[in-house]
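Accompanying notes for the structure given below.
The values are calculated or read from the model by the stated rules, or taken from the named source; none is laboratory data. Only a predicted model underlies this, so the values are computations on that prediction, with no experimental measurement involved. Please note: Cβ atoms are built from the backbone with ideal geometry, for glycine as well, and neighbour counts cover all protein chains shown.
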């Protein structure tokens, strides 16, 4: 790909379907990201443009979700809530019922499917849907704020067209819905870096969950200890992910960029800065393959918005030294806490953090290498 064609997916229509005000998941994040990158001139020119999401067609939804689940979800959205819905995770505190729930979920997921179509048609080779990334939803279950699993559906659509798909998930929570969707397949490799599931929802994603049958070795989990900081996180990433990408040889990346691994997130306990996400995107870009990127978690709104704006600026090919001015901050980002632009300030870990975290991360790296690498003939 000599010149990148980058598409940002958004529509004001998405704002019609907010979660209840007391819920941690706030759909305003995507709107704020768009406002920032628009004000920076990063939505047009230079191979950049916008596209609107379209509701996912039912026939596509049924590639992953059962017809019964879709029916119950739609009825709940219309006010017809019953015990069957609750048994499917619909109506819990995590996945509440609210007016327009079904329409909102199908439209947000549609942004990711629009991205997949743009990549398949060759119209784009970099797409970002900040309203996507609902990686916990199962075939017949709502879970972890997620109702329709857009990223699993996108991986399926891409794979059906003969693409080798590498799904990379850096949300602080294990990408369980996607991992199990492809657990016995080898045309989609799933890699999830997340907080140790012994200390965080959904309680899955250990190193020994590696896939089954033909998919053995194609499900990769990298559980990281609480307090993991940039240097330790990147050590895990660089020790494992590039080698796996090289062995798998994907045609396309689907990248779930949950921002809840950032320091200060109220629902998790990793200590990253958004500089990690910038490094990871640059790693992916170096393979010169299409990238379909979505949002995901991220419950410190200001930090999440800044991280996603930075991610888009890199994904769309903006020269960060020129186009993403270091004076961007304060007023533009709606915060006076940090005037240094889109990038977070560097956080220096304490010696105590290093003493606790570094050995634990080394242990995870060692176990993943011993378990996964031989299955792909990767020599270390």
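Determine whether residue 108 is under 21 Å from residue 32 (Cβ atoms) and either at pLDDT 95 or above or touching a helix residue (DSSP H, G or I) at 6+ places or on another chain (Cβ under 6 Å) (or both).
It is true that residue 108 is under 21 Å from residue 32 (Cβ atoms) and either at pLDDT 95 or above or touching a helix residue (DSSP H, G or I) at 6+ places or on another chain (Cβ under 6 Å) (or both).
Restricting to the stretch 135-165, count the residues that are part of a helix (DSSP H, G or I), out of contact with any strand residue (DSSP E or B) (no Cβ under 7 Å at 6 or more places or on another chain) and surrounded by fewer than 24 Cβ atoms within 10 Å (Cβ to Cβ).
3
If I filter the stretch 46-54 for residues that are under 16 Å from residue 6 (Cβ atoms), out of contact with any strand residue (DSSP E or B) (no Cβ under 8 Å at 6 or more places or on another chain) and modelled with pLDDT under 95, do I get at least one hit?
Within the stretch 46-54, one or more residues are under 16 Å from residue 6 (Cβ atoms), out of contact with any strand residue (DSSP E or B) (no Cβ under 8 Å at 6 or more places or on another chain) and modelled with pLDDT under 95.
Suppose we filter 305, 328, 364, 357 for residues that are modelled with pLDDT under 90 and crowded, with 17+ Cβ neighbours inside 10 Å; which single one remains?
Every option except 328 fails the conditions.
Conditions tested, residue by residue: (1) buried (at least 18 other Cβ atoms within 10 Å of the Cβ); (2) in contact (Cβ under 8 Å) with a residue 60 or more places away in the chain.
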position	(1), (2)
6	yes, yes
12	no, no
15	no, no
24	no, yes
29	yes, yes
39	no, yes
45	no, no
48	yes, yes
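Mind checking which residues of the stretch 50-60 are surrounded by 14 or more Cβ atoms within 10 Å (Cβ to Cβ) and not in a strand (DSSP E or B)?
Once the filter is applied, which keeps residues that are surrounded by 14 or more Cβ atoms within 10 Å (Cβ to Cβ) and not in a strand (DSSP E or B), the stretch 50-60 yields 52, 53, 54, 55, 56, 60.
For the stretch 288-312, which positions are under 20 Å from residue 341 (Cα atoms), touching a strand residue (DSSP E or B) at 6+ places or on another chain (Cβ under 6 Å) and not in a helix (DSSP H, G or I)?
If the condition is that a residue be under 20 Å from residue 341 (Cα atoms), touching a strand residue (DSSP E or B) at 6+ places or on another chain (Cβ under 6 Å) and not in a helix (DSSP H, G or I), then no residue fits.
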